[in-house]
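Scroll down for the structure; my scribbles are underneath it.
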Amino acid sequence: MGLVVGLAIGSSVVLAAHLLHTYADRKHCPWYVLLLVWVAWSLGLAFFLALPFDVSTTFYTRCVQAAEAAGEQGARACVLPPWGLVSGLVPFWTFVYWSSMLLGYLMADFLKDVIASGAFTVSGRVRASLRNGALFYVPFTLLGLAFIAYQLSRGSVTLDGLRAYCKAAANAFSLCLVVLMLGYGLVELPRYLWNKGDVEGQLRYLHFRASEYHDALAVASVRLGEALALLGACSEQVERNECVGDQSVLRRLCARVGAYAESDEREAVRKHTAEAAERLRAAPPPAPRMSEVEALNGRMKDALVAFRRARANYARTLRRAVAQTELSELLRQLDDASWDEQRSGARLGAHLAQRQQRGSCAALLALRCDRRYLRVTVQPHLWRALAAGCALLSLLVLVCETTIIFRDIVNLSILSYVLFLDPSGGVLFLCCFALPLAYMCCCVYFAFFRLKLFGLHALHSGQNSDYGTLLFNGTYMCRLAPALVYNYLNLLHEPHRADESGVSCAYLLGVGAMDVVPLFGSDYYNDLAPIAIILLCGCTYLNLFAHCGALCGSKTFQFDDSSDSEGIDAGAAIVRQELSRLARVADGPGRGAPLEHAEDEAARSDAPTADGVADSSPFVPVRASLASLALPASGRAATGGAHGAGAGAVSYTHLRAHETDS
């Protein structure tokens, strides 16, 4: 067991550390949050990395058993896998499972409230977290205890089986959530990849998102400005000794609250802070006391987290929109009639001669070799080829899920028969086993953070994910991993085959039954999960969820529906405005230091935003982060004219040397 399990654990630990380095905002996240999330991600990844070797050993053992039953020598009839046999995995799976369950049900709910609490002492924050958690857990715990007592009185469950009974009840939530996410992700992931090949559609989508994030940043800026103004008023009252309690203690605590906001964040919301301060001077708050300072502390933390998240989302979306605008302009140039003539080859020589006479042949050849040319000519086809492959995998998984219903009659699982191409559990088995498992994992986690309900906690690269997002992701990595693994084994009919052969994989032995739930019995999952997945896939394919959300007032973007033009036009206006600023910065005197001049230019600009309100300073740091796209005056991009959904037209040859995130 040592080498294989050590490699699996080591790989999961290294991969989790890489993900943490990519996504975590280490500057503002407490060290213990980073440590716990690292452990949670490592445990979740260990499920998927160690499981193939476990099932490989099980297949080899069954192969030897079948060969011996047929009168052959098992060692000769079956080929030993290159990594050998993995034994002693039962305690490993038991430890990983219970550790992940402990982190999954206690980490996010408890720690998130501890960090967000406004109390200034550790004991105060812990009490506040327990108090908030009790509002949810105590009623459900009492109901659960009452139900268990009722079942014990009826004799439906014994004390010996109570542990497995409670564990299966806890797993019911994860199993149902996996079914929901698979029903959405098996359709939405291929659709998402297919839409990645639509250059114009991606530009409209980024315009839509830019409008959303612009509004979110404006709201977050107002909230932070109000919190800073209230803190300033509180500090002034404490300095004048117009407070209830020890003046020196309250002064120190107010200074501690004020230290959370950095200088650039204070400057970004200076306008909103001044407006809120004027309102507070007209209606002064009551004399501050300890409880009010603690409430202000919690309010400041929440406002800063929301502001940082909104600003990072807005900056990232603008970067992508600027780059996509350039690609859209290039695609329009490639679709010109003259370019179509040249591309068809009918008049290639005459066309190149004409371009050379105009001194553009070198630029044309450079364009062919440039990455952006490949991104609009080759990359869309690659995205759609990948989408087609994922669609085939989704169809395969869906067909195999439906065969679970007939598990007691006949084994119709295609994947189960594919794995028997290598009955000894060798390299071919490992590849055929790992690919669908990895794809199902991608579908579940993609769907989980794609849904609008959970989109607030989506991870953002560039170290822009706050502590709440990290804890939420770590929690559901631990909650969903065991249920997803069990679903995959069930899809392969592994539990049924274990009953027939008497040889079970270590995972099923270490984790135990996961589908015995009160009121539903032992076969509720096998009977209901395939039907639910088929129905959910149909609803996702028909966009019923998006239509229901639209009826409820929720704005969603659909690539095949341009009815919501208001948000797209507003986002296009925002992107045009930023491109115009970049062009003005490029013509400025400080071409050697675009970052500082971008700030000066943005500060001088008083152009209205898409909503008609004079632009304010929260967007200055975002513009400064875009200043790396600024060009020298000789290559200034033209930002006039509308294209697509109102996007500013940008010359490709002027911007092609400047790479951005996309």
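Specify the residue that is modelled with the lowest pLDDT; the eligible residues are those in the range 302-334 that are of a type in the set (D, E, K, R) and farther than 15 Å from SER465 by Cα.
In this case the residue turns out to be ARG332.
Is it the case, given these coordinates, that ALA50 is out of contact with any strand residue (DSSP E or B) (no Cβ under 8 Å at 6 or more places or on another chain), under 17 Å from LEU103 (Cβ atoms) and assigned to a helix (DSSP H, G or I)?
no
Select from the range 406-440 the residues that are over 28 Å from ASP527 (Cα atoms) and either in contact with a strand residue (DSSP E or B) (Cβ under 6 Å, 6 or more places away or on another chain) or of a type in the set (A, V, I, L, M) (or both) and list them in ascending order.
The answer is LEU421, VAL427, LEU428, LEU430.
Using the structure shown, decide if MET107 is under 29 Å from LEU480 (Cα atoms), assigned to a helix (DSSP H, G or I) and at pLDDT below 75.
Yes; evaluated as a whole, the condition is true for this residue.
Is it the case that some residue within the range 74-87 is part of a helix (DSSP H, G or I), β-branched (Val, Ile, Thr) and surrounded by 13 or more Cβ atoms within 10 Å (Cβ to Cβ)?
no
Residues of the range 509-525 being crowded, with 17+ Cβ neighbours inside 10 Å and at pLDDT 65 or above, which ones?
If the condition is that a residue be crowded, with 17+ Cβ neighbours inside 10 Å and at pLDDT 65 or above, then GLY510, VAL511, MET514, TYR525 are the ones that fit.
Could you please find all residues in the range 233-256 being closer than 30 Å to LEU217 by Cα, of a type in the set (S, T, N, Q) and open to solvent by 70 Å² or more (accessible area, probe 1.4 Å)?
The answer is none; no residue qualifies.
Filter the range 446-486 for residues that are at pLDDT below 85, surrounded by fewer than 20 Cβ atoms within 10 Å (Cβ to Cβ) and either not polar (S, T, N, Q) or not in a loop (DSSP other than H, G, I, E, B) (or both) and give the result.
PHE449, ARG450, LEU451, LYS452, LEU453, PHE454, GLY455, LEU456, ALA458, LEU459, HIS460, GLY462
Could you give me the residue pairs with C-beta distances under 6 Å whose first residue belongs to the range 225-248 and is farther than 14 Å from ARG281 by Cβ, whose second residue is open to solvent by 60 Å² or more (accessible area, probe 1.4 Å) and in a helix (DSSP H, G or I) wherever it lies, and which are 6+ apart or on separate chains?
Taking only residues 6 or more apart or on different chains, the pairs are ALA227/ARG299; VAL238/ARG251; GLY245/MET290.
So which residues in the range 409-445 are farther than 19 Å from VAL399 by Cβ and outside any helix (DSSP H, G or I), if there are any at all?
Passing the criteria: ASP422, PRO423, SER424, GLY425, GLY426.
Answer yes or no: is there a residue in the range 14-31 that is modelled with pLDDT under 85, surrounded by 22 or more Cβ atoms within 10 Å (Cβ to Cβ) and assigned to a helix (DSSP H, G or I).
no
Considering every residue within the range 146-155, establish whether at least one is in contact with a Phe, Trp or Tyr (Cβ under 8 Å, 6 or more places away or on another chain), open to solvent by 20 Å² or more (accessible area, probe 1.4 Å) and at pLDDT below 80.
yes
For the range 186-233, name all the residues that are assigned to a helix (DSSP H, G or I) and among the acidic types (Asp, Glu). It would help to see each step written out before you state the result.
The initial filter retains those residues of the range 186-233 that are assigned to a helix (DSSP H, G or I), namely 186-196, 199-233.
Listed by number, the residues that qualify are GLU188, GLU200, GLU212, ASP215, GLU226.
Starting from residues that are of a type in the set (D, E, K, R) and farther than 18 Å from VAL55 by Cα, keep the ones in the range 394-435 and report whichever is surrounded by the fewest Cβ atoms within 10 Å (Cβ to Cβ). I'd like the intermediate steps shown before the answer.
Quick first cut of the range 394-435, residues of a type in the set (D, E, K, R) only: 401, 407-408, 422.
Narrowing the set further to residues that are farther than 18 Å from VAL55 by Cα leaves 401, 407-408.
Numbers: GLU401: 25, ARG407: 17, ASP408: 8.
Among them, the one singled out is ASP408.
Confirm whether SER129 is modelled with pLDDT of 80 or more, of a type in the set (Ser, Thr, Tyr), open to solvent by less than 80 Å² (accessible area, probe 1.4 Å) and under 30 Å from ARG251 (Cα atoms).
yes
Can you spot a residue in the range 257-264 that is under 30 Å from GLY567 (Cβ atoms), open to solvent by 40 Å² or more (accessible area, probe 1.4 Å), in contact (Cβ under 8 Å) with a residue 60 or more places away in the chain and in a helix (DSSP H, G or I)? If you could, list the steps in order and put the result at the bottom.
Within the range 257-264, the first condition is being under 30 Å from GLY567 (Cβ atoms), and the residues that meet it are 264.
Still in the list and also open to solvent by 40 Å² or more (accessible area, probe 1.4 Å): 264.
Imposing the further condition that a residue be in contact (Cβ under 8 Å) with a residue 60 or more places away in the chain reduces the set to 264.
So of that shortlist, the ones also in a helix (DSSP H, G or I) come out as 264.
Checking the range 257-264: at least one residue is under 30 Å from GLY567 (Cβ atoms), open to solvent by 40 Å² or more (accessible area, probe 1.4 Å), in contact (Cβ under 8 Å) with a residue 60 or more places away in the chain and in a helix (DSSP H, G or I).
The values are calculated or read from the model by the stated rules, or taken from the named source; none is laboratory data. Not measured: the values here are computed from a predicted model. Positions of Cβ are backbone-derived with ideal geometry, glycine not excepted, and every protein chain shown enters the neighbour counts. Ligands, DNA and RNA are stripped out before the accessible areas are found, and what is left, the full protein with its side chains, is counted by its heavy atoms. Shrake-Rupley method; radii C 1.70, N 1.55, O 1.52, S 1.80 Å.
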